[in-house]
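Q: Next up is a structure, given as structure tokens.
The values are calculated or read from the model by the stated rules, or taken from the named source; none is laboratory data. Since we're looking at a predicted model, the values are computed, not measured. No Cβ is skipped: glycine too gets one built from the backbone with ideal geometry, and neighbour counts run over all protein chains shown.
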Amino acid sequence: MSRKPVVLITGANGEVGHGLIHALADSGRYDIVALDLRELDSAIAPRCVDTVVGDILDENLLGRLATEYEISTIFHLAALLSTRAEYNPEQAHRVNVEGTLSLLRMAVEEGRSRGTWVKFLFPSSIAAYGLPDLETKRQAGRVAEHEWNTPTTMYGCNKLYCESLGRYYSQHYRRLAPQSAPGGVDFRCVRFPGLISAFTVPSGGTSDYLPEMIHAAARGEAYPCFVREDTRITFMAMPDAIRALLGLMEAPADALTSRVYNVGAFSPTAGEFAEHVQRAFPGAEIRFAPDAPRQGIVDSWPEDVDDGRARHDWGHEPEYDLERALAEYLVPNIRKRYGCSKEGEVCMGE
Ligand code: SER
């Protein structure tokens, strides 16, 4: 029997899962159980004590995991992202909402049966916001957590509702039942901006234009960007996203004044980012070919977020602004990934 706390990660094969598994494994403090629909990537599988191929909607599977492991923390990352969810909203609801509900129930029951608090880390999103038009978006600037909670995508609706479920399961679950033993689920959530990783490319999201643009440039492929040049939303480099999840996990409960925190880092327009990409990969072919429906989704998301609460309560502080993210994280690692050797060289695919 292992003596390290067990951390369960759902959707472990995704972009956040990759970075998170490396960071948790590097710390040497946790045993990681990874769950995903697909077999876990061979780069991260050896870093886990168990890798389970299965569906979060399979209640028997969750029951088996709860019996087999004393789970101390859950990072529930599995979800259909915003573009994919628009093609199958009901499936998105099943995965994004019913899946979260099952995991929250598993966590609360685990916590109550052992008399402990199972931490439940949940990535929410800027998609939880919905600004009605561009003029309002410009005027709104940095939005705070309680503002513009009127999402226009299925994904955003799912995330916003799951935040409420997290609050309910943490604070009010079965509130009319006779007093139960202490323990339960301790839900903590970050509303992520668009994320950008040097090592993985997202799929099914609507903030994907930024990562797609720089990875395409490094591969020497032309990129038709699906939003206008002046489109602005907030982004964060993946290492800061991982640090945010770990920072929130480790924060003492009495320091937290909320269960939901904005986190932000930098907010370039698509055009500004393209200029940086062209400087790093001269000759990169980027053109703007807005796709009206996807543009509409991005236009409903805020230009920037007010993350003062996260900074105050648990010391959130991104290490990467745009310039540093490009110079020290994205460009060197992406160059290496696609085998570009010389500065400024545009290279072909893997
Ligand atoms: N990256 C997500 C998406 O585009 C938004 O948080 O769906």
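Q: Looking only at strands (runs of 3 or more DSSP E) that fall completely inside the range 205-307, which ones have 2 or more residues that are within 30 Å of Tyr168 (Cβ to Cβ) and either within 14 Å of the ligand (Cβ to nearest atom) or in contact (Cβ under 8 Å) with a residue 40 or more places away in the chain (or both)? Before the answer, list the steps.
A: Working: elements: 223-225, 235-237, 260-262, 286-288.
So the answer is 260-262.
Q: Here is a further query. Tell me which residues, restricted to the range 72-94, are β-branched (Val, Ile, Thr) and surrounded by 22 or more Cβ atoms within 10 Å (Cβ to Cβ). Talk me through it step by step, then tell me what you get.
A: Just the residues of the range 72-94 that are β-branched (Val, Ile, Thr), to begin with: 73-74, 83.
Correct list: Ile74 only.
Q: If I filter the range 6-22 for residues that are surrounded by fewer than 19 Cβ atoms within 10 Å (Cβ to Cβ) and either in a loop (DSSP other than H, G, I, E, B) or among the polar types (S, T, N, Q) (or both), do I get at least one hit? Working first, answer last.
A: Start the filter on the range 6-22 by keeping residues that are surrounded by fewer than 19 Cβ atoms within 10 Å (Cβ to Cβ), which leaves 22.
From what is left, the residues that are either in a loop (DSSP other than H, G, I, E, B) or among the polar types (S, T, N, Q) (or both) are none.
The answer is no; no qualifying residue exists.
Q: Among the numbered criteria (1) at positive phi; (2) at pLDDT below 95, which single criterion is violated by Gly220?
A: Exception for Gly220: condition (2).
Q: Hey, can you tell me all the residues within the range 152-187 that are in contact with a helix residue (DSSP H, G or I) (Cβ under 8 Å, 6 or more places away or on another chain) and within 16 Å of the ligand (Cβ to nearest atom)?
A: Across the range 152-187, the qualifying residues are Thr152, Thr153, Met154, Tyr155, Gly156, Asn158, Lys159, Leu160, Tyr161, Cys162, Glu163.
Q: Pro202 versus (1) within 11 Å of the ligand (Cβ to nearest atom); (2) over 17 Å from Leu330 (Cα atoms): which is the lone unmet condition?
A: All conditions pass for Pro202, except number (2).
Q: Among the numbered criteria (1) in a helix (DSSP H, G or I); (2) within 24 Å of Ala244 (Cβ to Cβ); (3) within 16 Å of the ligand (Cβ to nearest atom); (4) of a type outside the set (S, T, N, Q), which single criterion is violated by Glu86?
A: The one condition Glu86 does not meet is (2).
Q: Here's something else I'd like to know. Taking the options Val118, Val190, Val108, name whichever one is hydrophobic (A, V, I, L, M, F, W, C), touching a strand residue (DSSP E or B) at 6+ places or on another chain (Cβ under 6 Å), away from the ligand (no atom under 16 Å from the Cβ) and in a strand (DSSP E or B).
A: On the way: Val190 fails: away from the ligand (no atom under 16 Å from the Cβ); Val108 fails: in a strand (DSSP E or B).
Residue meeting the stated conditions: Val118.
Q: Right, next: Output the number of residues of the range 161-177 satisfying the condition of being closer than 21 Å to Gly204 by Cα and either in contact with an Asp or Glu (Cβ under 6 Å, 6 or more places away or on another chain) or crowded, with 21+ Cβ neighbours inside 10 Å (or both).
A: Let us first name the residues in the range 161-177 that are closer than 21 Å to Gly204 by Cα, namely 161-162.
Now drop any that are not either in contact with an Asp or Glu (Cβ under 6 Å, 6 or more places away or on another chain) or crowded, with 21+ Cβ neighbours inside 10 Å (or both), which leaves 162.
Number satisfying all stated conditions: 1.
Q: Hey, another quick one. Got a sec? Which of Ser72, Ser124 is part of a strand (DSSP E or B) and away from the ligand (no atom under 16 Å from the Cβ)?
A: On the way: Ser124 fails: away from the ligand (no atom under 16 Å from the Cβ).
Among Ser72, Ser124, only Ser72 is part of a strand (DSSP E or B) and away from the ligand (no atom under 16 Å from the Cβ).
Q: Those residues that are within 16 Å of the ligand (Cβ to nearest atom) and either more than 21 Å from Leu245 (Cα to Cα) or among the polar types (S, T, N, Q) (or both), I need them from the range 127-137; list them, please. I'd like the intermediate steps shown before the answer.
A: Filtering the range 127-137 down to residues within 16 Å of the ligand (Cβ to nearest atom) leaves 127-131, 137.
Within the range 127-137, Gly130, Leu131, Lys137 meet the criteria.
Q: Collect the residues in the range 190-206 that are surrounded by 23 or more Cβ atoms within 10 Å (Cβ to Cβ) and either over 30 Å from Ala280 (Cβ atoms) or of a type in the set (Phe, Trp, Tyr) (or both), keeping them in residue-number order.
A: Phe192
Q: Another question, if that's okay. Mind counting the residues in the range 23-46 that are among the hydrophobic types (A, V, I, L, M, F, W, C) and part of a loop (DSSP other than H, G, I, E, B)? Please lay out each step first, then the result.
A: The initial filter retains those residues of the range 23-46 that are among the hydrophobic types (A, V, I, L, M, F, W, C), namely 23-25, 32-35, 37, 40, 43-45.
Narrowing further to those that are part of a loop (DSSP other than H, G, I, E, B): 37, 40, 43-44.
Of the residues in the range 23-46, 4 are among the hydrophobic types (A, V, I, L, M, F, W, C) and part of a loop (DSSP other than H, G, I, E, B).
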